Amino acid sequence: MPYVDLQDYVNAARCGGVVALPTDTVWGVAVNPEYSSILYELKQRSREKSLILLGASPADLWPYVTLDANQWQTITTQHWPGQLTLVVPASQKVPLAMHPTTPDTIGVRVPDHPVARQLLALTGPLATTSANLSGQPNLMSVEQVLDQFPQVYGLEAGALQALLGRDAALPAPSGLPSTVARWQSQRWEVLRQGTVYL
């Protein structure tokens, strides 16, 4: 797809179009959670691997989670926005297509990237995964994403600069994976160690 303005980007994300989304870890591809199956097809991704739900704030993610806020508020206050994915009990609001083999849990995160959070505030939480064919290296720029996935919507440069502010540069993804922690037996269990240490 060609680069689009902000309104067309938001409309696409809300209505089942796949968008390129910069994050603090890698460039991602994202879609309205109801259309999650599109991401599996796009990436040739195994449905045994759940997608991650990104939101602009913890409050945006609460409706998708059944864990009591007191049980995760401390960790989110300390590490969100940031490179920490929490695997938590999922509510009925999470479409089964997001996590077909693990319907009881969902991974959630608030990225530490100013553009990502502004876009997510406009679109609502999005189902996301890294922008690459499954098993292939991560793509590290919007140009690479749109070259590999021409059906994905990218935000045009002027709209991106307006979100960043005058003369500000787009923060580059770290290229490092987020830490993944699961709520298990009344405590957080680290499943994958990334840049955040619990």
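The values are calculated or read from the model by the stated rules, or taken from the named source; none is laboratory data. Quantities reported herein were computed from a predicted structural model and do not represent experimental measurements. Quick reminder, even Gly has a Cβ in these numbers, built from the backbone with ideal geometry, and neighbours come from all protein chains shown. All accessible areas refer to the heavy atoms of the entire protein, side chains included, with ligands and DNA or RNA removed. Shrake-Rupley method; radii C 1.70, N 1.55, O 1.52, S 1.80 Å.
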* Structure fact -> When region 65-105 is checked residue by residue, the ones that are touching a helix residue (DSSP H, G or I) at 6+ places or on another chain (Cβ under 8 Å) and of a type in the set (S, T, Y) are T76, S91
* Asked: Mind checking which residues of region 15-74 are in a strand (DSSP E or B) and within 12 Å of the chain's Cα centre (by Cα)?
  -> V19, A20, L21, P22, W27, G28, V29, A30, V31, I52, L53, L54
* Structure fact -> In region 159-195, anything within 30 Å of D68 (Cβ to Cβ), without any contact (Cβ under 8 Å) to a residue 40 or more places away in the chain and open to solvent by less than 60 Å² (accessible area, probe 1.4 Å) is listed as E189
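Give the residues of region 138-157 that are touching a residue at least 24 places away in the same chain (Cβ under 8 Å), in a helix (DSSP H, G or I) and surrounded by fewer than 15 Cβ atoms within 10 Å (Cβ to Cβ), sorted by residue number. Break it down into steps so the answer makes sense when it comes.
Step one: of region 138-157, the residues touching a residue at least 24 places away in the same chain (Cβ under 8 Å) are 138-142, 144-146, 149-157.
Next cut, in a helix (DSSP H, G or I) only: 142, 144-146, 157.
Listed by number, the list holds a single entry, A157.
State the number of residues belonging to region 55-103 that are among the hydroxyl-bearing types (S, T, Y) and touching a residue at least 40 places away in the same chain (Cβ under 8 Å).
So the first thing to find is which residues in region 55-103 are among the hydroxyl-bearing types (S, T, Y), and the list is 57, 64, 66, 74, 76-77, 85, 91, 101-102.
Still in the list and also touching a residue at least 40 places away in the same chain (Cβ under 8 Å): 57, 64, 85, 101-102.
Total satisfying the criteria: 5.
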* If you take the residues of region 88-134 that are among the aliphatic types (A, V, I, L, M), closer than 17 Å to R47 by Cβ and in a strand (DSSP E or B), which of them is most open to solvent (accessible area, probe 1.4 Å)? -> A90
